[in-house]
């Protein structure tokens, strides 16, 4: 038997990254990749928040001329595109990247280099959008870019092309990340973690990944069709030549509405983990919550037309989408009842992560109820282009996804850093963000009912909208202040927070068995799982397997349903090829904005980088038995 310290020394030598800039560029450590995703997304969230506050300032008084119509359209388009495509989905994938291997008790993702490639390509999409903004060629047609306004006749230049290629960047990255997450969950679970013993968090990430894989091709297709119309004069969306502008909306919203749940479903995993830990009891109705997530994932693909009730589609068809839009509220409601029942029957500990969960439930219920209202085609026809929809959208996306994300950040921060965040400053940030958010967005329901249209940069005096707009602006400023307090708390706690230990919250899932912060190799031994809450087995220690190599990078592969060990798989080592492939792919995407020849010419360097990436290495000899229980 190898002594414990010798084993750790060997694991450190095997799994550490190269030093310096080489290690930064070549790492395939899922935790470092996830940290980059999270930091990039938080920076973009701040920039998008500043744009939102700027627009709120413009609308705080009537007849305001501080922003021109063009500047407002650019700010609106950049804010919406950043939050929906560059923040909301990527940050949820980042949480999966960081947590899934730890929660599975494995040492890395199924495809480590694909994870690195996904981040570099995502960063390319970020730079494409924001460098264009710095060069004053910001997309200006909203975060949806409907034709014919985005077609060549009405939108000369390359603003619409930049938006479309940003979509391509981020969606290819999202597909790569989702395939990685799904494969890791399905094929790398520890022995004993059958599908019935998977935590809700893993179910949520699996369903969200499958939804991404099924929905993302639709928007990649539709943006490619838009670029083809603009660049090589095809006629997909040109009615005079036999095209159809509604085809764009159908394909866009076939992705766009599942995207809402691709963002929300991971949040249900965060909430379930936090509620279970801070209620000090197993999640009430575990199977009900899992089945509800599956139902949401299925129903999300059948109600995209409720975004199109005002475009003149047949009324009989609208009735079916009204029914589907209301039906999806049932599984969401079941989840909320299970969370409340868990808290009610447990011993709730109102630490900062639990406060975020309570804030989420209250806020999301408001967004859900307004969603049921707009699911009615007759009512939606009156509300669809009003500020009521702006309020509903933010209650669902921020209240339903960002609040759980903030709670998850506080909950797993000790595991990532080895330090505790300040509870005092955490509670202050919670009060400012939740209070400011509701003060900022709840009045927009009334503005919409009073007739204030969305997507306007100013309005005449005497409409009666001034006071509510001023309240909304004040609330937005308070929420931004709360965000600054939240970030400051995280930064200061990184250096001065009290030591956390491995399991400061007494959590129930396997990530709390690893050290804080987790080493590059995550766990010294592969655990054996025999319950839904393996960390709550009393004084009985978690059994482990020995036999996975420590002198080379290796992971255990198991069966899909019963998690029975099959074989050991060599895990990829650090490599520059994912970065090279992302650079070649990104160069092709950017160049194709200007010439169609970029697709053919750019395929050559992409092929070269992929050959280097997948060039076979010399097979290694087996080093012992598959797995030995200990």
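Counting only residues that are part of a helix (DSSP H, G or I) and under 11 Å from residue 421 (Cβ atoms), how many does the range 488-501 have? Before you say what the answer is, go through the steps one by one.
We begin by selecting, within the range 488-501, every residue part of a helix (DSSP H, G or I); these are 488-496.
Next, only the ones that are under 11 Å from residue 421 (Cβ atoms) stay: 488-494, 496.
Counting residues in the range 488-501 that are part of a helix (DSSP H, G or I) and under 11 Å from residue 421 (Cβ atoms) gives 8.
Quick check: anything in the range 245-258 touching a helix residue (DSSP H, G or I) at 6+ places or on another chain (Cβ under 8 Å), under 24 Å from residue 206 (Cβ atoms), in contact (Cβ under 8 Å) with a residue 60 or more places away in the chain and not in a loop (DSSP other than H, G, I, E, B)?
Yes, the range 245-258 contains at least one residue that is touching a helix residue (DSSP H, G or I) at 6+ places or on another chain (Cβ under 8 Å), under 24 Å from residue 206 (Cβ atoms), in contact (Cβ under 8 Å) with a residue 60 or more places away in the chain and not in a loop (DSSP other than H, G, I, E, B).
It is to be established whether one or more residues within the range 587-605 are under 30 Å from residue 13 (Cα atoms) and at pLDDT 95 or above. Spell out how you get there, then give the answer.
Just the residues of the range 587-605 that are under 30 Å from residue 13 (Cα atoms), to begin with: none.
Checking the range 587-605: not a single residue is under 30 Å from residue 13 (Cα atoms) and at pLDDT 95 or above.
Quick check, is residue 349 in contact with a helix residue (DSSP H, G or I) (Cβ under 7 Å, 6 or more places away or on another chain), farther than 19 Å from residue 434 by Cα and not in a helix (DSSP H, G or I)?
Values: in contact with a helix residue (DSSP H, G or I) (Cβ under 7 Å, 6 or more places away or on another chain): yes; farther than 19 Å from residue 434 by Cα: yes; not in a helix (DSSP H, G or I): yes.
Judged against the criteria, residue 349 is a match.
Among the residues of the range 576-608, count how many are outside any helix (DSSP H, G or I) and either in contact with a strand residue (DSSP E or B) (Cβ under 9 Å, 6 or more places away or on another chain) or surrounded by 14 or more Cβ atoms within 10 Å (Cβ to Cβ) (or both).
The initial filter retains those residues of the range 576-608 that are outside any helix (DSSP H, G or I), namely 576, 592-596.
Next, only the ones that are either in contact with a strand residue (DSSP E or B) (Cβ under 9 Å, 6 or more places away or on another chain) or surrounded by 14 or more Cβ atoms within 10 Å (Cβ to Cβ) (or both) stay: 576, 592-593.
So the count comes out to 3.
So in the range 370-387, with the set limited to residues that are assigned to a loop (DSSP other than H, G, I, E, B) and in contact (Cβ under 8 Å) with a residue 60 or more places away in the chain, which one is surrounded by the fewest Cβ atoms within 10 Å (Cβ to Cβ)?
Of the residues in the range 370-387, the ones assigned to a loop (DSSP other than H, G, I, E, B) are 375-376, 384-385.
Then drop every residue that is not in contact (Cβ under 8 Å) with a residue 60 or more places away in the chain, which leaves 375, 384-385.
Values: 375: 21, 384: 19, 385: 14.
Of everything passing the filter in the range 370-387, 385 is surrounded by the fewest Cβ atoms within 10 Å (Cβ to Cβ).
Looking for whichever is assigned to a loop (DSSP other than H, G, I, E, B) and in contact (Cβ under 8 Å) with a residue 12 or more places away in the chain here; the options are 115, 125, 151. Which one fits? Please lay out each step first, then the result.
Numbers: 115 fails: assigned to a loop (DSSP other than H, G, I, E, B); 125 fails: assigned to a loop (DSSP other than H, G, I, E, B).
Answer to the selection: 151.
Take the residues in the range 38-70 that are part of a helix (DSSP H, G or I) and over 28 Å from the mean Cα position of the chain (by Cα), then tell me which one is farthest from residue 443 (Cα to Cα). Steps first, please.
Our first condition is that a residue be part of a helix (DSSP H, G or I); within the range 38-70, this holds for 38-58, 69-70.
If we keep only those that are over 28 Å from the mean Cα position of the chain (by Cα) as well, we get 57-58, 69-70.
Values: 57: 15, 58: 17, 69: 24, 70: 26 Å.
Only one residue fits best here, namely 70.
Output the residue which, of all residues in the range 460-478 that are in contact (Cβ under 8 Å) with a residue 60 or more places away in the chain and either assigned to a helix (DSSP H, G or I) or surrounded by 15 or more Cβ atoms within 10 Å (Cβ to Cβ) (or both), is nearest to the chain's Cα centre (by Cα).
The initial filter retains those residues of the range 460-478 that are in contact (Cβ under 8 Å) with a residue 60 or more places away in the chain, namely 460-463, 465-466, 469-470, 472-473, 476-477.
Checking the rest, the ones that are also either assigned to a helix (DSSP H, G or I) or surrounded by 15 or more Cβ atoms within 10 Å (Cβ to Cβ) (or both) come to 465-466, 469-470, 472-473, 476-477.
Numbers: 465: 34, 466: 35, 469: 30, 470: 31, 472: 27, 473: 27, 476: 23, 477: 25 Å.
Restricting to residues being in contact (Cβ under 8 Å) with a residue 60 or more places away in the chain and either assigned to a helix (DSSP H, G or I) or surrounded by 15 or more Cβ atoms within 10 Å (Cβ to Cβ) (or both), the top hit is 476.
If you go through the range 410-445, how many residues are in contact with a helix residue (DSSP H, G or I) (Cβ under 6 Å, 6 or more places away or on another chain) and outside any helix (DSSP H, G or I)?
So the count comes out to 4.
Go over the candidates 184, 138, 170 one by one and state the one that is buried (at least 24 other Cβ atoms within 10 Å of the Cβ), farther than 23 Å from residue 599 by Cα and touching a helix residue (DSSP H, G or I) at 6+ places or on another chain (Cβ under 7 Å).
Numbers: 138 fails: buried (at least 24 other Cβ atoms within 10 Å of the Cβ); 170 fails: farther than 23 Å from residue 599 by Cα.
One residue alone meets the criteria, 184.
For residues in the range 332-342 being crowded, with 20+ Cβ neighbours inside 10 Å and at pLDDT 95 or above, which is farthest from residue 375 (Cα to Cα)? It would help to see each step written out before you state the result.
Step one: filter the range 332-342 for residues crowded, with 20+ Cβ neighbours inside 10 Å, giving 332, 335, 338-339, 342.
Those still in the list that are at pLDDT 95 or above too: 335, 338-339, 342.
Numbers: 335: 20, 338: 24, 339: 25, 342: 30 Å.
Here the residue is 342.
Which numbered condition in (1) under 30 Å from residue 308 (Cβ atoms); (2) touching a helix residue (DSSP H, G or I) at 6+ places or on another chain (Cβ under 6 Å); (3) touching a residue at least 40 places away in the same chain (Cβ under 8 Å); (4) part of a helix (DSSP H, G or I) is the only one that residue 81 fails?
Answer for residue 81: the failing condition is (2).
Quick test of your reading of the structure: residue 194 fulfils all but one of (1) surrounded by fewer than 23 Cβ atoms within 10 Å (Cβ to Cβ); (2) more than 21 Å from residue 300 (Cα to Cα); (3) touching a helix residue (DSSP H, G or I) at 6+ places or on another chain (Cβ under 9 Å). Name the failing condition by number.
With respect to (1) surrounded by fewer than 23 Cβ atoms within 10 Å (Cβ to Cβ); (2) more than 21 Å from residue 300 (Cα to Cα); (3) touching a helix residue (DSSP H, G or I) at 6+ places or on another chain (Cβ under 9 Å), residue 194 is out only on (3).
How many residues does the range 479-512 hold that are surrounded by 17 or more Cβ atoms within 10 Å (Cβ to Cβ) and touching a strand residue (DSSP E or B) at 6+ places or on another chain (Cβ under 7 Å)?
Of the residues in that region, 4 qualify.
Mind listing just one residue for me: the one in the range 288-329 that is part of a helix (DSSP H, G or I) and free of Cβ contacts under 8 Å to residues at least 24 places away in the same chain and, of those, surrounded by the most Cβ atoms within 10 Å (Cβ to Cβ)?
302
The values are calculated or read from the model by the stated rules, or taken from the named source; none is laboratory data. Bear in mind that the values here come from a model prediction, so they are computed numbers and not experimental data. Using ideal geometry, Cβ is built from the backbone for each residue, glycine included, and neighbour counts are taken over all protein chains shown.
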